[in-house]
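The values are calculated or read from the model by the stated rules, or taken from the named source; none is laboratory data. Keep in mind that this is a model prediction, so the values were computed, not measured. Cβ: placed from backbone, ideal geometry, glycine included. Neighbour counts: every protein chain shown. Areas reflect the complete protein model, heavy atoms only, side chains present, ligands, DNA and RNA absent. Shrake-Rupley method; radii C 1.70, N 1.55, O 1.52, S 1.80 Å.
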Amino acid sequence: MATQDWRVGNQICQILSSSGQKVVSLSYLCSETRAQPSEVRAALRKLGELGCPISHGREGYLLEPDAQLLEMDELTRNLRPGLVRWAITYFFYINSTQSAVRAMAERDAHEGTTVLAEMQSRGVGRLGRNWSSPYCGIWLSSLLRPRRTLENQLLTIAASLAITRAVSAVCGIKSELKWPNDVQIGGRKVAGVLGTSEYRGERLRSVAVGLGINANIDLNLLPGSFRDQATSLKAELGAKVDREQLIASALNNLSSLYAKLERAEEDEIVDEARKNCSTLGRRIQVRMGSRLLKGVAQDLDRDGSLILEVEEGRTVRLYSHDVSLLP
Ligand code: ATP
Ligand code: BTN
C-alpha cells in the first residue's frame, strides 16, 4: 500500500460512520474521497483485512451497527486531572500514531498531545519491527516533554506499568512486564510499548510514548508467525473489555507514574516493576550486534537497565537490547 493510502481508508470510515444505517454507494465514496474506484476498493479490501466490519451489498457499503467504535466523550469523561493534560486526536485509520505524534512534536505540540486510532496500516515496534494493529485494539501515542533528561528505558517501564495497572483495574487480570517493553499474560504478549526520544544537542526535547494493547482484537487477524505468542484481553476474559475505561485508566496511571519520574522518585517505579517483571530470575539470551550473550537476569537498576549475570560474579548492564527468555 502506498504511504498515503490510509487517508482514503480513514475518510471511508468517517463517511460510513456518519451515514449511520444508510447504505453508501461506491460512486459517492469516490467523489467524497476524490479517489479512483480502484483506490477505494483497495482501501475497502485493506479495512476488511484489518477486521473492520463493513458490509457490502448491491447498493453499496455500510458500517455494521455493532461496530463499537471508540466513544471519545466517554473516554475523556474518565480522564482525571493530573500532571499531564491529555488532548486526544482520534483517527479511524492511520499509518502509525507514533509517526503522527513525532511529526506533531516537531511542530512544537504540547505535552499530552495524543493520537489514538482504531487501526494502523504501518504500526511500528522496537528495532523497526512491524506492529500488527487490527480493528478493536488500542493503538495510541502520547507526547511527553520531561523537564529532566530521563533514560528512555525508565519511561518505557513506567508506561508498561501503566498498562499492567489498567489491565488489573479494568479487567481484573494480572499481567507481567517482559523487560524491556512488553506486557504479557501467561507468557503471551498482550501489549507493547515504544518510546521514541527526540534530542536537541544534549537536551531531551520530547518522548513519544506509544502504547499498543490487544484489547478486543480477533487473534486470527495476527500473522501466523507470532500468533501463538500473542493474546488479547478479549481472549483472556472471554468477553469484550471496555476500551474507553482501559485507555483512560492507562493514561491516568501514565500521568501519575510520569509525575513520580519528574519528582526523581524512580526508585518507587523500579520497585513496582521488579515485583511485576517476569524476566527477573530467568535465563535469557541477548543479541549484541553479531554476538549472543547468555545469562541470568538478576535485577533492574534505578535507570531501568537490566543487570545480567553472564558468569558468577560478572555482570553486564543492558539497555534496549533484543532479549529472549530461554527455557
Ligand atoms: P518478542 O519479545 O515478542 O520476541 P520483542 O519484544 O523483542 O519481541 P518488539 O520489537 O518489542 O520485539 O515487538 C515486535 C514484535 O512483536 C514483532 O516482531 C512481532 O513478533 C510481535 N507483534 C507484532 N504485533 C503484535 C501484536 N499486535 N501483538 C503481539 N505481538 C505482536
Ligand atoms: C513493541 O513491542 O515493539 C512496541 C509496540 C508498540 C506499538 C504501538 S501501537 C501505537 C504506537 N504506534 C505505533 O506505530 N507503534 C506504537
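Going through (1) open to solvent by 40 Å² or more (accessible area, probe 1.4 Å); (2) farther than 15 Å from residue 17 by Cα one by one, residue 64 falls short only on (2).
Is it the case that residue 246 is within 16 Å of ligand 1 (Cβ to nearest atom), surrounded by 21 or more Cβ atoms within 10 Å (Cβ to Cβ), closer than 27 Å to residue 108 by Cβ and modelled with pLDDT of 95 or more? Considered against the rule, which asks whether it is within 16 Å of ligand 1 (Cβ to nearest atom), surrounded by 21 or more Cβ atoms within 10 Å (Cβ to Cβ), closer than 27 Å to residue 108 by Cβ and modelled with pLDDT of 95 or more, residue 246 comes out as no. If we scan the stretch 145-155, do we find a residue that is assigned to a loop (DSSP other than H, G, I, E, B), open to solvent by less than 20 Å² (accessible area, probe 1.4 Å), within 16 Å of ligand 1 (Cβ to nearest atom) and outside the structural domain of residue 48 (by TED's automatic domain parsing)? No, the stretch 145-155 contains no residue that is assigned to a loop (DSSP other than H, G, I, E, B), open to solvent by less than 20 Å² (accessible area, probe 1.4 Å), within 16 Å of ligand 1 (Cβ to nearest atom) and outside the structural domain of residue 48 (by TED's automatic domain parsing). Look at the stretch 69-98: where a residue is within 16 Å of residue 119 (Cβ to Cβ), no partner that is open to solvent by 50 Å² or more (accessible area, probe 1.4 Å) and of a type in the set (Asp, Glu) sits 6+ places away or on another chain with Cβ atoms under 7 Å.
Counting the residues of the stretch 47-100 that are in contact with a Gly (Cβ under 8 Å, 6 or more places away or on another chain) and either in the same structural domain as residue 251 (by TED's automatic domain parsing) or among the β-branched types (Val, Ile, Thr) (or both) gives 10. Under the condition of being part of a loop (DSSP other than H, G, I, E, B) and in contact (Cβ under 8 Å) with a residue 24 or more places away in the chain, the residues counted in the stretch 229-249 number 6. Quick one: in the stretch 105-144, which of the residues that are β-branched (Val, Ile, Thr) and open to solvent by less than 20 Å² (accessible area, probe 1.4 Å) is farthest from ligand 2 (Cβ to nearest atom)? The residue in question is 113. Set side by side, the residues 42, 35 differ, and just one is free of Cβ contacts under 8 Å to residues at least 60 places away in the same chain, crowded, with 19+ Cβ neighbours inside 10 Å and either of a type outside the set (Val, Ile, Thr) or not assigned by TED's automatic domain parsing to the domain that holds residue 216 (or both), which is 35. Taking the stretch 165-190 as the range and being outside any strand (DSSP E or B), under 17 Å from residue 249 (Cβ atoms) and open to solvent by 10 Å² or more (accessible area, probe 1.4 Å) as the test, the residues that pass are 165, 168, 169, 170, 171, 172, 173, 174. Just one of the listed residues (208, 191) is farther than 18 Å from residue 136 by Cα and within 11 Å of ligand 2 (Cβ to nearest atom), namely 208.
For the stretch 217-243, which positions are within 15 Å of ligand 2 (Cβ to nearest atom) and touching a Ser or Thr at 6+ places or on another chain (Cβ under 7 Å)? 217, 222, 223 - these are the residues of the stretch 217-243 that are within 15 Å of ligand 2 (Cβ to nearest atom) and touching a Ser or Thr at 6+ places or on another chain (Cβ under 7 Å).
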